[in-house]
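This report concerns only the one structure given below.
Every number in this text was worked out from the coordinates using simple rules, so none of it is lab data. Just so it is clear, the model here is predicted, and its values are computed rather than measured. Here the Cβ is made from the backbone with ideal geometry for all residues, glycine too, and neighbour counts use every protein chain on show.
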Number of protein chains: 2
Amino acid sequence: MAAETNSKSDTLTLEKVREALIKQEDTIIYRLIQRANFPLNSPAYDEKAFPSFSGSLLQFVVKETEALQSKVGRYENPEELPFSPESLPPSLLPPPENPPVLHPAAASININGKIWDFYFDELLPLFAATGDDGSYASTASNDLDCLQAISRRIHYGYYVAEVKFKDSPQDYEPAIRAQDREGLMKLLTFVDVEEKVKKRVEKKAMVFGQEVSLMDNANTRTDQRNVSETYKVDPLVVSRLYGEWIMPLTKLVQVEYLLRRLD
Amino acid sequence: MAAETNSKSDTLTLEKVREALIKQEDTIIYRLIQRANFPLNSPAYDEKAFPSFSGSLLQFVVKETEALQSKVGRYENPEELPFSPESLPPSLLPPPENPPVLHPAAASININGKIWDFYFDELLPLFAATGDDGSYASTASNDLDCLQAISRRIHYGYYVAEVKFKDSPQDYEPAIRAQDREGLMKLLTFVDVEEKVKKRVEKKAMVFGQEVSLMDNANTRTDQRNVSETYKVDPLVVSRLYGEWIMPLTKLVQVEYLLRRLD
């Protein structure tokens, strides 16, 4: 049935994991740009705005969408984690054929609660305009798209940790045996790499978030740092998303995974 | 509740309709790029691949997603039309507050059947690589995202027709009274505008579909016509999507709408 198999499943290499992470940057940025088409639309988040729902419109959309996605096997992938995990229906698809590459510990790590909080409390107000255009359902659905792309990227930390551990277990085993969080965090931190990632996503936000018309020479704009108001999402917000939340939380996932890696 | 109201609802102008259409180009291109992350994945379309579903996985995803979206009011917007309209649940949200701006005839025009056919039979093979990576559910969900963006764009023809008719009814009334399809099609065809749209979406596909890295000077690529293999979706395919399908079908929607406009 499969001409090419899922790239994760055969041999996990740091190269492949990095490629996946870089590709996911594009997805995250495209989705932020889509969400930025709508203003804040706060009634979507108000538990009292629509009496037909027991919670907010957002909560309804998240719960129902995740239930549907669960039926088509989304949560059979270890890096896909639900935001509304209560009573998800089982998958109707056959289980994945590939042998698992992660330690079973991965299944016990889900930091979607933290992701939900920073997304709505801190990130969203930085890139969605104030206001209300009435498009609450589209807004909620775009929020879930953003949340899922960010969550997948952060929980991909399982694979980063697994491949790093497999490549040089001797580097990690002492800290794991000592259950030394701080030591593990140090081993996983490369400031220069993180700076490069922040620069790259900023550049991607400039390129993908340009207003393109036939009149102007749109492609010169990435050289001008003082025109951020012409981008659909401020490139510095994307850089900050990575620097303040995505990379630290990916490392948190890695640390939690490694702490259980020898269990 | 609404600080700003939905821009369609107050005064419909050709300017506003055009702005909306141009914005929708970006959405369509971002979604095509997202779909192009996956190969064709033909088992998603095979009615016999998964015995748990009565049809294909795609049909299941479309039907269930549209049912959920219907509950949150998607199909209260005249330009949003379901691909699986049988037994959709009613909206749980209060009806839109704004008075309708379209003639009721709009409700009888749905060309999603044609859109479905050209998308799967002709467009998809032009931009999705052959192969199978097992991600059938994501593939189906990305297909629906593309279909919905394209359908919304084409059925926005209602507004184009309404605003053109309102601006100069005397130009259209004779052809409408004569039920002269060809005459209406001629009135709605502006070859130079269509060429401009094709050029613009081609340029957008170049800009948004670049591979961006810190090494190269990504933003110079839009000047080079011979590097289409480095774009996530071939810009000429996007130009063709507009020239062969989106613009002709938008005009078809306009003609059908105008033919009923005096009823």
message: What FRET efficiency comes out for B:Glu173 versus B:Glu86 if R0 is 41 angstrom and r is the Cβ-Cβ distance? Round to the nearest 0.05.
response: 0.65
- request: Mind scanning A:Lys186/B:Lys232; A:Lys114/A:Lys199; B:Lys63/B:Lys186 and naming the pairs with a C-alpha gap bigger than 32 Å?
  value: A:Lys186/B:Lys232; B:Lys63/B:Lys186
field: Residues with amide H under 5 Å from that of B:Gly73, placed H, sequence gap 5 or more
entry: B:Leu92, B:Leu93
- prompt: Taking only DSSP H segments of four or more residues, each worth -39500 (n - 2.57), what value at 222 nm results for chain A once the sum is divided by all its residues, to the nearest 500 deg cm²/dmol?
  reply: -15500 deg cm²/dmol
field: Neighbourhood charge, 14 Å Cβ-Cβ cut-off, centred on B:Leu92 and excluding it, Lys, Arg +1 and Asp, Glu -1
entry: +1
query: What net charge do the residues around A:Pro43 carry, taking every other residue with its C-beta under 12 Å from that of A:Pro43, with Lys and Arg at +1 and Asp and Glu at -1?
result: -3
task: May I ask you to evaluate 6.51 cos²θ - 1.76 cosθ + 1.60, the Karplus curve with θ = phi - 60°, for each residue of the range A:249-262 and list the ³J(HN,Hα) values in order in whole Hz, giving x for glycine and proline?
output: 6, 5, 5, 4, 4, 4, 5, 4, 5, 5, 4, 9, 5, 9
message: I want to make sure I understand the PRE zone here: with the label point 7 angstrom from the Cα of A:Ala49 toward its beta carbon, which residues in the range A:117-161 have backbone N atoms less than 16 Å away?
response: A:120-121, A:124-125, A:128-145
- prompt: Quick one: label points 7 angstrom along Cα→Cβ at B:Lys196, distances to the other copies in nm, smallest first?
  reply: 4.4
field: Average other protein chain Cβ within 10 Å of Cβ, residues B:93-104
entry: 1
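With the contact rule set at Cα under 8 Å and sequence spacing of 6 or more, what percent relative contact order holds for the range B:53-117?
Computed over the range B:53-117, the figure is 31 percent.
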- prompt: When Cβ neighbours within 10 Å are restricted to other protein chains, what is their mean count per residue of peptide A:203-214?
  reply: 6
statement: So for R0 = 22 Å, FRET eff. of A:Ile22-A:Glu195 from the Cβ-Cβ r, to 0.05, ends up at 0.90
- request: List the distances, in nm to one decimal, from the label point of B:Gly131 to the label points of the same position in every other copy, shortest first, placing each label point 7 Å from Cα along the Cα-to-Cβ direction.
  value: 4.2
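For A:Leu249, what is the net charge nearby, where nearby means another residue's Cβ is under 10 Å from its Cβ and Lys, Arg count +1, Asp, Glu -1? Could the numbers behind the result be given before it?
Details: positive: A:Lys114, A:Arg153, A:Lys251; negative: A:Glu244.
Taking every Cβ under 10 Å from that of A:Leu249, the sum is +2.
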message: What does the copy distance list look like for A:Pro51, label position 7 Å along Cα→Cβ, in nm and ordered from shortest?
response: 4.9
- request: Of the options A:Leu123, A:Ile150, A:Thr189, report the single residue whose Cα projects farthest towards the positive end of the charge dipole of chain A (beta-carbon charges: Lys, Arg +1; Asp, Glu -1).
  value: A:Thr189
field: Averaged over B:132-139, number of beta-carbon atoms from partner chains that fall within 10 Å
entry: 6
query: Given a cut-off of under 8 Å on Cα pairs at least six residues apart, what relative contact order in percent is computed for chain B?
result: 26 percent
message: What's the magnitude of the charge dipole for chain B around its Cα centre, counting Lys and Arg as +1 and Asp and Glu as -1 at the beta-carbon? Answer in Debye, nearest 20.
response: 400 debye
task: In nm, give the distance between the simple-model label positions of B:Leu214 and B:Asn98, each being 7 Å from the Cα along the Cα-to-Cβ direction.
output: 4.4 nm
- prompt: Taking θ as phi - 60°, what are the ³J(HN,Hα) couplings along the range A:22-29 by the Karplus curve (6.51, -1.76, 1.60), each to the nearest whole Hz, with x for Gly and Pro?
  reply: 5, 5, 5, 4, 4, 4, 4, 5
task: Go through the range A:196-208 residue by residue and turn each phi into a ³J(HN,Hα) via Karplus (6.51, -1.76, 1.60, θ = phi - 60°); whole Hz please, and just put x for glycine and proline.
output: 5, 4, 4, 5, 5, 5, 5, 5, 4, 5, 5, 5, 6
field: Peptide ranges B:23-32, A:48-57 listed from the most packed, as the mean C-beta count within 10 angstrom indicates
entry: B:23-32, A:48-57
